[in-house]
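I have placed the structure first, in the form of structure tokens, so that the comments after it can refer back to it.
The values are calculated or read from the model by the stated rules, or taken from the named source; none is laboratory data. A quick note: this is a predicted structure, and the numbers were derived from the prediction, not measured. Quick reminder, even Gly has a Cβ in these numbers, built from the backbone with ideal geometry, and neighbours come from all protein chains shown. Surface areas here come from the heavy atoms of the whole protein model, side chains and all, with no ligands, DNA or RNA. Shrake-Rupley method; radii C 1.70, N 1.55, O 1.52, S 1.80 Å.
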Amino acid sequence: MDSLLDKIDRSRVPAHVAIIMDGNGRWAKERSMERSEGHVEGVNTVRRITEAASAAGVSYLTLYAFSTENWNRPKQEVDALMHLIVLAIERETPDLIKNNVRLDMIGDFDRMPPEALARLRQCMADTANCTGLTLVLALSYSSRWEITEAVRRIAAEAAAGKINPADITDATVSAYMSTASMPDPDLLIRTGGDKRVSNFLLWQIAYSEIYITPTYWPDFSKDDFYRAILEYQSRERRFGLTSEQLTK
């Protein structure tokens, strides 16, 4: 019997998959564990899904690892989560290099602890020559922050006479986003069952297909990821057009 990976049409693999990794805390609570244990298990899922995305031929995988709103959580949990993220990425860097995976990050790095940021940037430098999947961590990220920053930069350029306001298009705005070097997500996956996008890539997901699963992130398997891609491939992406226009 063919595996789910074998059923994927390699000519229509989403170039960019973004994931809201939700459910770590609930996963732990249902097992009478500390929330931190859910985050630890979630790190194992990151490795698993990175491998799955690479095997499927995805070019970019963006993971919502830590939002700007997460800074408002209890300090103990925030400190533990930030420490865990740094340790996990450092631990995985040799395998990222081995598997030709490049690490990138987007977010408001001014709010991050300097040591943690320096260590993560070292991991980025270590994988800079990799040419396969690009794994993007959204850390200290929120879409409203990103859009606000883009507006400020565009306004400054216009005030300096470098941009004519009349010439600003959606392509102009996209060029000032932190994701300017990558395509917009074709597929947005949310684990944990909640039906919201939580201030994640709001500009970029304008035409993304959305896939929501009740499965908590620690339980999200490679086959779950492949099912999401197969569901994506079963949909007709019209981008505002009609089905008839697409067939012409």
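A count restricted to segment 86-97 and to residues that are free of Cβ contacts under 8 Å to residues at least 12 places away in the same chain and under 20 Å from D108 (Cβ atoms) stands at 0.
Going through (1) among the aliphatic types (A, V, I, L, M); (2) open to solvent by less than 40 Å² (accessible area, probe 1.4 Å); (3) assigned to a helix (DSSP H, G or I) one by one, L188 falls short only on (3). Would you call L188 at pLDDT 95 or above and within 22 Å of I8 (Cα to Cα)? Yes; evaluated as a whole, the condition is true for this residue. Among the residues of segment 11-47, those that are surrounded by fewer than 16 Cβ atoms within 10 Å (Cβ to Cβ) and among the basic types (K, R) comprise R12, K29, R31, R47. Residues that are open to solvent by less than 50 Å² (accessible area, probe 1.4 Å) and either closer than 19 Å to F200 by Cβ or without any contact (Cβ under 8 Å) to a residue 12 or more places away in the chain (or both) within segment 66-85 comprise F66, S67, T68, N70, V78, L81, M82, I85, listed in sequence order. How about segment 124-148: which of its residues are open to solvent by 10 Å² or more (accessible area, probe 1.4 Å) and in a helix (DSSP H, G or I)? Residues satisfying the conditions are M124, A125, D126, R144, W145, I147, T148. Candidates S67, S142: the one that is of a type in the set (S, T, N, Q), modelled with pLDDT under 95 and at negative phi is S67. A single entry from R227, R196, R235 fulfils the requirement of being in a loop (DSSP other than H, G, I, E, B), basic (K, R) and modelled with pLDDT of 95 or more: R196. Residues in segment 52-65 that are closer than 22 Å to T179 by Cα and open to solvent by 30 Å² or more (accessible area, probe 1.4 Å): S54, G57, S59, Y60. In segment 86-102, the residue that is most open to solvent (accessible area, probe 1.4 Å) out of those that are part of a helix (DSSP H, G or I) and under 21 Å from V58 (Cβ atoms) is K98.
Within segment 30-49, residues that are small (G, A, S) sit with their Cβ atoms under 9 Å from residues that are open to solvent by 70 Å² or more (accessible area, probe 1.4 Å) and not in a helix (DSSP H, G or I), at 6+ positions apart or across chains, in these pairs: G38/R31. The requirement of being in contact (Cβ under 8 Å) with a residue 60 or more places away in the chain, buried (at least 16 other Cβ atoms within 10 Å of the Cβ) and not in a strand (DSSP E or B) is fulfilled nowhere in segment 149-165; no residue meets it.
Among the numbered conditions (1) crowded, with 16+ Cβ neighbours inside 10 Å; (2) farther than 25 Å from R111 by Cβ; (3) of a type in the set (G, A, S), the only one that A206 does not meet is (1).
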